[in-house]
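Pasting in a structure now, in structure tokens, and then I'll have a few things to ask.
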Amino acid sequence: MYGVVTRNADEVDWPEFDRGFYEVKDVTGRAAAPLPNAVNMISCFGDNAAANESPDLVPVDGEGNLATRDRTYFDWAYICPTNEKYRAGLFEIIDDAAAENRDVRLDDVGFPRDEYCQCDRCTSQFETWADEHDRDADDEDAWFEWRAEVITDFVAEAAERIPGRVYLTLYPDPYPGHLYRRAGLDIEALSEFVDEFVVPLYDTYYGTTYWLETIAKGFISLLDPYDVAFSLELYAVNVDVDDLIHAVEVADEYADDVLFGYDASNAAATLRRMTADKKRGQTFHPDDATR
């Protein structure tokens, strides 16, 4: 299956695509009404607008550094996953999306990095959790376990509100333990609530694809023990069609589905070229017409 990821409502129904994913809330905080004919996508804990308006929502590390886009490694601002008021707002958006289309995709789920969040609320909740589980609050393993429970509980509650297929985006790092430590994503626990994991492997060039194959194969190894589908999402904006075709060919070898991000026109042109190339590659014999 080939799908498109877009902010333009009319593109989800283009005939070249088997499925359309439509952003109803993105990392800028921009909101749009969900569509009945698309898998509606929600950026959960990435939200520049909310962070700018209410800095108290933003996760902090042990030194008080905010997880905002002006810090190294962050392309957008994050929201603390333990903030109940913000989570309640997300569940309302999920309810609205699920009312229009049974399938929903959850984006940007998790903590920003290993050292987040150490705000007063997170610290208090972790210490309470440690007491209840008879764990040492100074134990690093306990800290990561608590964070994973926070994220798994959020996804579980979201999944209860989604009557159809639950998609969850993963950060593109399949190395053992990295997603767990970085974002609080426990793949084994999450696989009980997720129907399909989506991994964006974005490049503006795709001139070489060995890295794409390596990461894709890494996710096959990571997800193999669980009965969950796996999709790869490729960047389509201003990418040469021949290079994008090469990337699709690699992705097709590993993923159940391949999605194209944010340039439906270029993605459609790529799929049309692939179809034409396959037709040109067929061999016909003189007696075919009589068969």
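Please treat every number below as a calculation from the coordinates, not as lab data. Just so you know, these numbers come straight off a predicted model, no measurement behind them. Here the Cβ is made from the backbone with ideal geometry for all residues, glycine too, and neighbour counts use every protein chain on show.
Per residue of segment 76-85, in order, report the coupling 6.51 cos²θ - 1.76 cosθ + 1.60 (Karplus, θ = phi - 60°) as ³J(HN,Hα) in whole Hz, putting x for Gly and Pro.
Result, ordered by residue: 8, 8, 9, 10, 5, x, 9, 6, 5, 5 Hz.
Given charges of +1 on the Cβ of Lys and Arg and -1 on the Cβ of Asp and Glu, with all other atoms neutral, how large is the dipole of the chain about its Cα centre, in debye to the nearest 20?
1200 debye
Can you match Rg and Dmax of the Cα atoms in Å to one of these, [x] 32.3, 105; [y] 20.8, 80; [z] 21.0, 93, based on a calculation from the structure here?
Derived directly from the coordinates: [y].
Still on this structure, I have one more. Which ³J(HN,Hα) values in Hz, rounded to whole numbers, follow from the phi angles of segment 30-42 under the Karplus curve 6.51 cos²θ - 1.76 cosθ + 1.60, where θ = phi - 60° and Gly and Pro get x?
Taking θ as phi minus 60°, the curve returns 4, 10, 9, 5, x, 10, x, 10, 8, 7, 7, 10, 10 Hz for segment 30-42.
List the lysines whose Cα lies under 19 Å from the Cα of Lys25, skipping any in the same chain that are fewer than 8 positions away.
Hits, sequence-local ones excluded: Lys85.
Sort Phe111, Phe154, Phe144 so the one with the fewest other Cβ atoms within 10 Å of its own Cβ comes first.
Phe144, Phe154, Phe111
List the residues, sorted by chain then number, that are 5 or more residues from Ala77 or on another chain and whose placed amide H is less than 5 Å from its amide H.
Asp47, Asn48, Arg69
Of Thr6, Tyr210, Met41, which is farthest on the positive side of the dipole of segment 2-290, counting Cα position, with +1 on Lys and Arg Cβ, -1 on Asp and Glu Cβ, and the Cα centre as origin?
Thr6
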